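Remarks on the structure that follows.
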Amino acid sequence: MRNKVILVTVLMLFVVIASRACDICGCGVGSYYLGILPEYNKRFIGLRYQHKSLQTHLGPLGERTPITADETYQSMELWGGWNFGSKFRVLAFLPYNFNDRVSQTGNGTKTGLGDIALMGYYKLLDQTGTLGDRLLVQSVWIGGGVKVPTGKYEPTERLAVSESPNNFQLGTASTDFTLNAAYDIRYNDLGLNANVNYKMNTENKYDYRYGNKLTANVLVYYKLRVAEKVTLAPNAGVLYETAQKDVENNKYDVQVSGGYSLSAVAGVEVALKGLSFGANYQNVRSQNLADGRAKAGNRMMVHVSLPF
């Protein structure tokens, strides 16, 4: 069993190292941050709200210019999970996006359905034991997923803002695929949760392909039980995202695309009988997006879910 853990850890590290690493890390037409899933035995359904910001059309040194745009990306996402037996799990995401842009050259708004995503997981490891006189529990899930082009994509947006990331879209107009891995280990009430997601994008019918993207996060959490009916789980960690450059006409790299961001994450999860909710704040600590021509702001996410 120990060999399985070592193997999965090595594979996850290989994905991180081997990736050359779209949307600009976390903003725009996709975000695959999972964090700590709500507790549920069979299935759950819930809502997630995410708020993100991005500055585009920055100068060569990252400075604001007369054409700099301030963009805000909000999404209200219906999401859910379903366990099939003890080995299989499916997660589904249906986002509704609200995009806003403010600049001296003109404002813009886009509202509508985003791209629906589906992820399947297989439990590779499920181990419960003791270390000393304390409980030790760990699990490993691996799997893959697909994102379908249900969100509206406007090719004229790319032509109108050729010096800005092609982010101001509701969808990508492409069918994309993901590889996923999740690891959780808990020593009594102290735990560590890690998620890795690698998104492989295909070219859409407008000859545009967003760069492949890697998202990885690690969170340390501690479970506090209140009155035997409420569980609080404050958590903190890091979120790293990196994306390759977008490609046009199957051969030209889009210079104002790709890059990386590293964020510090802090939040709390609350579990009641029949209800879970939580929130987190993501503070960007380091970034280099679109060769310095874009800058991401801090982000926030809140969610509520009902197990049934």
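We did not get these values from a lab; they are worked out from the coordinates using the rules stated. None of the values given here were measured: they were computed from a predicted structure. Here Cβ is always computed from backbone atoms with ideal geometry, including for glycine, and neighbour counts include all displayed protein chains.
Only one entry of 218, 230 meets the criterion of being surrounded by fewer than 20 Cβ atoms within 10 Å (Cβ to Cβ), hydrophobic (A, V, I, L, M, F, W, C), under 23 Å from residue 89 (Cα atoms) and touching a strand residue (DSSP E or B) at 6+ places or on another chain (Cβ under 8 Å), and that entry is 218. Residues in the stretch 99-129 that are under 30 Å from residue 83 (Cα atoms) and of a type in the set (A, V, I, L, M): 113, 116, 117, 118, 119, 124, 125. Restricting attention to the stretch 104-119, and to residues there that are crowded, with 17+ Cβ neighbours inside 10 Å and not basic (Lys, Arg), which single residue is farthest from residue 172 (Cα to Cα)? Top of the filtered list is 119.
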